[in-house]
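Undergrad: The structure under discussion is supplied below as structure tokens; questions concerning it will follow.
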Amino acid sequence: MDEALRDTLQAVADQARSVDLGPAALRTARRRRRRRTVVAGVAVVVVALAGTVPLVLDRHRPGPSRHAAPAPAASRSPSASAPPPRVVAPAQTEYPHPGSVLLPQRLVTVGPYAVTGFASAQGTPSHPSVLWDQAHHRYVRVGYDAAVPSPDGKRAVVLGQTFPYRPGMLDIATGQLTPLSMDGYQPSSPQWSPDGSTVLFTVSGKIDPAHSLGFVLIDAVSLRATVHWVDHTKYDTSQVMFTWNRDASRVVLTIADRGNMSEATPDLVDHLQLFDRSGRPRATLPIRGLVYGTGSWSPDGRYVLVHGISNRAGTGRPQLQIVAVATGRVRARIATDLDGWATPGWWLDDDHALIRTAGLGPTSEPVQALTTVTLDGVAQTVRYLPNVYPPVTAPAELTLQAR
């Protein structure tokens with residue numbers, strides 16, 4: 001198996017594959033996030049903490065599976081000794097009716113990762129999310145928009161598909177939903193810490209200018225919420241999303257470059273601002289791009305995958321980049337497509353990362369894929385993904401966990 005992985009990584013170094021870049025990609029990704037975020041000045045009722053509420057899951061029941069559930073990611077780091085990625089052609093799919101969602105028959109894996117969630121990008125009840133139910137070794141449909149499984153695969157943080165997009169903690173095996181209560185009105189962009197102890201939410205929307213932007217930390221055991229408001233006049237952001245750094249010791253916010261921004265070009269980032277878990281500002285990083293979470297940072301902490309801009313003039317286009325954390329220097333510029341902007345990537349090891357792409361597969365049908373990229377930007381498709389959603393719908397946002 002080690003030899004096969006080495007062969008795969010060697011192929012990455014020998015062969016590149018570029019995919020056309022969607023010029024509206026960053027705006028599309030931002031619209032998806034803002035669909036769940038209330039514009040400042042709109043008051044929304046705070047979700048009240050309730051008891052456990054039963055939820056019916058639409059479960060698919062395939063035959064027995066020999067695939068084990070993904071193990072917790074907290075104690076593992078992806079490495080070159082993991083099982084090798086393999087290029088697997090997607091199966092032919094037929095959707096029984098428009099808007100239907102197909103469940104993969106087996107756990108979808110690539111190298112050291114398992115795909116534990118396909119979060120719906122539609123935001124409508126007719127397009128549920130899909131989660132891996134490790135207790136029953138199968139994927140299940142859940143009627144939520146955002147659906148982010150925990151590192152141990154037992155629970156998921158979910159957001160409702162209709163306004164006001166109420167958040168909850170879902171037990172995947174039983175379907176029991178516990179609503180989450182937080183002082184922050186409309187929450188968005190949930191992210192788990194790597195050890196599974198804390199969930200990070202972005203909150204915004206209060207009328208009071210001093211409480212228009214902040215983040216909430218949810219204790220995964222007690223479900224107690226702690227809110228931290230940020231002075232948006234001092235920390236001006238156009239992305240409106242807080243994320244984790246590599247080990248979740250810091251919360252990251254992009255600071256806008258208003259001096260060079262215009263309506264005709266993608267939003268520009270001046271640098272990253274770090275906050276501690278108490279909301280106090282700490283260091284800044286000279287990184288000019290959007291970071292999506294712990295998976296964006298290389299295991300050794302030297303590099304980060306960001307969504308940046310090809311150049312900072314009026315002709316700049318959205319672009320996936322590998323950036324040196326210490327200096328902000330762009331190490332590689334990677335041509336991606338519209339789909340690749342929803343989730344930027346996951347590192348296989350210190351020198352190789354996985355990104356999501358889309359294009360025509362072996363059967364000349366539109367497919368989603370996972371592609372490896374090197375520190376020099378060399379790309380190679382290693383795994384075609386099952387067509388969970390109909391081609392006419394927006395692609396799912398993936399959750400990958402170490403297995």
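Undergrad: If Leu290 satisfies every condition in (1) in contact with a His (Cβ under 6 Å, 6 or more places away or on another chain); (2) of a type in the set (A, V, I, L, M); (3) surrounded by fewer than 20 Cβ atoms within 10 Å (Cβ to Cβ) but one, which is the exception?
TA: (3)
Undergrad: If I ask for residues that are of a type outside the set (Ser, Thr, Tyr) and open to solvent by less than 10 Å² (accessible area, probe 1.4 Å), which ones from region 133-145 would you list?
TA: Of everything in region 133-145, those that are of a type outside the set (Ser, Thr, Tyr) and open to solvent by less than 10 Å² (accessible area, probe 1.4 Å) turn out to be Asp133, Val140, Val142, Asp145.
Undergrad: Taking the criterion of being part of a helix (DSSP H, G or I) and either modelled with pLDDT of 85 or more or loosely packed, with under 15 Cβ neighbours inside 10 Å (or both), would at least one residue in region 333-348 satisfy it?
TA: No, that holds for no residue.
Undergrad: Still on this structure: For region 368-397, enumerate the residues that are farther than 16 Å from Leu348 by Cα and not in a loop (DSSP other than H, G, I, E, B).
TA: Once the filter is applied, which keeps residues that are farther than 16 Å from Leu348 by Cα and not in a loop (DSSP other than H, G, I, E, B), region 368-397 yields Gln368, Tyr384, Leu385, Glu397.
Undergrad: I'm checking my understanding of the structure. Among residues of region 162-181 that are assigned to a loop (DSSP other than H, G, I, E, B) and surrounded by 23 or more Cβ atoms within 10 Å (Cβ to Cβ), which one is nearest to the chain's Cα centre (by Cα)?
TA: Restricting to residues being assigned to a loop (DSSP other than H, G, I, E, B) and surrounded by 23 or more Cβ atoms within 10 Å (Cβ to Cβ), the top hit is Ile172.
Undergrad: Another question, then. Search region 191-235 for residues being of a type in the set (D, E, K, R) and over 23 Å from the mean Cα position of the chain (by Cα), and hand back the single one that is least open to solvent (accessible area, probe 1.4 Å).
TA: Lys206
Undergrad: Would you check which residues across region 240-266 are open to solvent by less than 10 Å² (accessible area, probe 1.4 Å) and modelled with pLDDT under 85 and list them?
TA: Within region 240-266, just Pro266 meets the criteria.
Undergrad: Could you check Ser310 against (1) within 20 Å of the chain's Cα centre (by Cα); (2) at pLDDT below 90; (3) small (Gly, Ala, Ser) and say which number it fails?
TA: (1)
Undergrad: Would you kindly identify the strands (runs of 3 or more DSSP E) lying entirely within region 210-271 that contain at least 1 residues that are under 15 Å from Arg288 (Cα atoms)?
TA: 251-256
The values are calculated or read from the model by the stated rules, or taken from the named source; none is laboratory data. Computed from a prediction, not measured in an experiment: that's the story for all the values here. Glycine gets a Cβ as well: all are built from the backbone with ideal geometry, and neighbour counts include every protein chain shown. SASA here: full protein model, heavy atoms, side chains in, ligands and nucleic acids out. Shrake-Rupley method; radii C 1.70, N 1.55, O 1.52, S 1.80 Å.
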